[in-house]
Structure formats: structure tokens, C-alpha cells
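Worksheet: one structure, shown below.
Derivation of every value follows stated rules applied to the coordinates shown; laboratory data play no part. Nothing here was measured: the structure is a model prediction, and the numbers come from that model. When we count neighbours, we look across all protein chains shown, and the Cβ atoms used for this are built from the backbone with ideal geometry, even at glycine.
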Amino acid sequence: MGTDGFLVAYADFSDPQREQAFSDMAAETELILKSVDGSLSANISTSFVSRFNAAAAGERVELDERAFTVLNIAIDAYNFTDGSYNPAVYYGVQAFGFGSDWVYPQTSADLPSTAQTDLYAELASHFSEVITEQKDGTYYATKPNFTIKSGDEELSLKIDLGGVGKGYAVDLIDGLFEKYGFEMGYFSFGSSSIALKKFTDGDFKLQFVHPRKSGGAYLSIPLSCSLLSTSGDYEKYYVFDGARYCHIIDPSTCRPITSGMAAVTVIGGTAAEDDAITTALMTMTPAEAVSFINSKLSTHRVAFACEEGGELRYYTNMQGGFELLDGALKPLT
Amino acid sequence: MSFKKVEEVKRDRAFKPLDLIIYSAVAVILVAVFLSVFLTKSDKPFSGIEVYSGGELKYTYAFDGGGNISGEGVEEEITDGIVSVRVTCVKGYNVIKIDVAARSVRVEEADCKGKDCVYTPAIVDSDGVIYCSPHGLKIIPLGRGDDGTIIVG
């Protein structure tokens, strides 16, 4: 997945057994990350996702249990968000330079045409036709029997499970704290998908990166024993002619989002679910996001920053338990 | 490969009568984002810095006492009232500049991608923090220790 993790545990490490337990937990954490990456990375040619992507339209592909599990999480998220989360934006990700090579277009003339991305979006819309099945202990996924013509190429659906896969890895590593007997600590994956246990003294102090002020934070939340995810348009982006092109692709256009959303945080649920939901919320307009949060995320704590009328504003469904760090930030109207 | 260090932290809490002794161990794999965080203003005096690399306390500097190297991979040089501290880790290096007279601390040089830590504003009070995530480097005001701050995003 090309993302790194930060594992922290607190204990009395004057006890050699605790020290050994931590070494063992760290070793298993690395194993999990390598295993998940090896199964899900679209940048590893032998991964099960890559095999799925390389398959022809309508072909049934064998998966391992991890890829099968995460693909089903993605399908559930797709349905839950009415398609706002859609992992089949692979071609859009690549076309705008956010694939493994991170080779951004040099000028606006190098950007893919709307006609091209409309084709990609049409292909992505067929993600609902992916079929997963388990038979005799073997796992399969069947690609939609649909292709598009792009130049001389006939393209079938391709997926990128990186986002949900990251959260899935965090969920697995979250379980290691109990396995190895650590009550206190956390695992942060790419600083955007995090599993929190207890802190030594009160709660952890989560500081959320300000999407428009480099080096600053806009929100602070005291928190422990939770899973969360954050997405933002400031993580990977470039600007042409005053327009920001970020790595989050709108499935309906297969182009970088223009929703006005700048940063979203979801706390609660599993880390994998939170990853998918933050991505989905980033593709919605602020009004759509508020409606979605109120109708479907009442059991989650959600906060986002967005641009409205040229100003950065915020919204949260939290009644308290947070602090805005940017005094200039106004609430969404 | 991750590594860890046993670290003993003693905190004085203004409103708690007992000292809290914490043993912590931190394993750093890698982190991909550079950040600095400006927290709510504090009344605590800015008396120096602590430098952590990979979760291990490597160096401390007190404006009224000087520097103390407590780990490997640290070199200190003092010239004309400016303390240069080069911290080297598996991933690379960072050079920290401490202006003793101005009571200001910044990262002047680093070989990490992006060099966001170099562009991060200097620490000039007890609220400042500088992180270099790819190198697992954290520079915080003296005495703060691990206050549970986690940068998200």
C-alpha cells in the first residue's frame, strides 16, 4: 500500500516479559502489513487485486481470504454510501497521476479529457455487478461483463482497495494489543487510519491537520479506545489555473473531487468502514454530507472542514468533546 | 526494521500531589507525513527542548544549562551562540539549530522528502512542536514528555 505505520505501547518495560511481548507484537504487526499489502496492493503484480484487475471482463478470479474479506467490505460500503464510495475509480486515479508512480501532469493540457473520464466513470458504475463467492473453502470474485473502448484498448473494470485495505490492517493490528496484553498505546497507519487504546493519563490528544494552513491543526479531540479515519484534499494534490486536483476521485466523474470538502474525520465503527465513509463524504457536497451524517452516521462522531463562499468552514455532529483550534473557522451555514 | 527504547518519564502535575512515573516503549516503523502543531497557548516557560528519534530521547537542551546527548546518532556543535545538533537515524538526518539568545529552535536542514520540517516555523514558546515523520523525529519543549498528542491527517 506504500504507507507506513507507527506502533506505540505503554507498559512497565523493566519487565523483560513485557519487552519480549512488545517485540513479538511489533513483529506480527509487520507481518500483517506485509500480508495485507501482498494481497491487496494494486501496485504489486502478484497481489490478488492485481490478478482481479488483469482479468478479462466477466472472468472469475480466485482470491485469498484477505482480498475476499476486504472486497466484501468495499461492496458493503458502496451500498451503504449509495455509490459515493466506489473502489472502481482505478483509471481515474492513474489518469490524474495518483497511481504508484505519483507522476503528476505537468500542465493542464496534460489532464485527461472529460470525454475520457466519462468513459472511466461509466465503467466504474458497474462495480455493483462484481460478484463474490466462497465455494469449498476457496474464494472468488467475478468481474462485471462490461468494457469500454479507450483508443485501441478495451478496458475492463479495475479496483483499488488501498483505502479500505489500510483500515482493514488497522482493525487487525488493533486486536494485537489485547493478544499481547497491552492496554495502553495506539497504531497510526499513514497518520490517517488509527486504532487507539488507552493512554497513560487521561485521553490521547488528537490534533487534526488544518487543510489550508501548512503545519497547523484545526481541530483537537481528546479520545481513547476508538478507531478512526481521516481523509483530506491536502494529502496529495496539485493546482492548475487556480483549481486543486487532489487524489480523491469522484466516482460519478472519475475526476478529482470538486465538492468543496477539504477534510473529513469519522470516529466509530471499524477502521475499514471509517476509511470508506471518509472517502465517500469527501465526494459529497457539504449539504449532502450533512444529510448523510444525520441519516446514517448518528452512532459515529464526524467532523469536516469545507470551503463555502470562499471561506473555510466546519461542521460536526458532536455536541461537545472537541476544540476548534482555528478561531477564524466559522460553522457551516 | 522497527526498534524500541525503554524510556522513563517523570512528570510533575500542578494539580496532582503524586509524581507519576511512566515506563514506555515505542517502536517506530516509519511515518510518511511531516507536521508541526501549534497547540492552545500555555503559560509554562520555554526553557529548552527535548529531541526524540524513533521514540527514544536522544538529546535535551536547557537554555540555562546547555545540551545533553543521551542517545546514539547525535552530534552537537556550538558556534557563536548557535547550537547545531545533527540527529542521524536509519532513514537519514536532521540538523537542528538552537539560537540560545533568541530562545528559538528550528530544523535547518534535512535529507527527507519534502523537507516540511525545515519549513515548519521555529519553536519559540512552550507550545511549539516540530515533527519529521519520515525520520521519526520529534522536537518538543523541555519537560513536556509524551503528552499523548497524536497528529491526524
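What is the gain in length, in nm to one decimal, between A:K236 and A:D12 on full extension, counting 0.36 nm per residue of separation less the C-alpha to C-alpha distance?
Here the segment from A:K236 to A:D12 would lengthen by 76.7 nm.
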> How far is the Cα center of region A:216-248 from the Cα center of region A:1-51, in Å?
Replying inline: 24 Å
> Considering chain A as a Gaussian network with a 10 Å cut-off on Cα pairs, which listed residue, A:S226, A:S100, A:S14, attains the greatest mean-square fluctuation?
Replying inline: A:S14
> Setting aside same-chain residues fewer than 8 positions from A:K296, which aspartates and glutamates have a Cα under 19 Å from its Cα?
Replying inline: A:D76, A:D82, A:E273, A:D274, A:D275, A:E288
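Pulled fully out, how much extra length does the chain show between A:Y104 and A:K330, if you take 0.36 nm times their separation in residues and subtract their Cα-Cα distance?
Details: separation 226, 0.36 × 226 = 81.36 nm, distance 3.30 nm.
Answer, rounded to one decimal: 78.1 nm.
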> What is the distance, in nm, between label points placed 7 Å from the Cα along the Cα-to-Cβ direction at A:S224 and at A:N294?
Replying inline: 3.4 nm
>> Report, in listed order, any pair from A:K158/A:K198; A:K135/A:K166; A:K166/A:K197; A:K198/B:K115; A:K34/B:K97; A:K205/B:K58 with a Cα-Cα distance greater than 30 Å.
In response: A:K158/A:K198; A:K198/B:K115; A:K34/B:K97
> Of A:L172, A:V130, B:Y131, which is farthest along the charge dipole of the protein assembly as shown in the positive direction, counting Lys and Arg as +1 and Asp and Glu as -1 at C-beta?
Replying inline: B:Y131
> Taking the Cα centre of the protein assembly as shown as origin and charging only Cβ (+1 Lys, Arg; -1 Asp, Glu), how large is the dipole, in debye to the nearest 20?
Replying inline: 580 debye
> Along the charge dipole of the protein assembly as shown, Cβ charges K/R +1 and D/E -1, which of B:I140, A:T114, A:L33 sits furthest on the positive end?
Replying inline: B:I140
>> With both bridge residues required to lie in the protein assembly as shown, what share of the DSSP beta bridges run antiparallel, to the nearest 5%?
In response: 95 percent
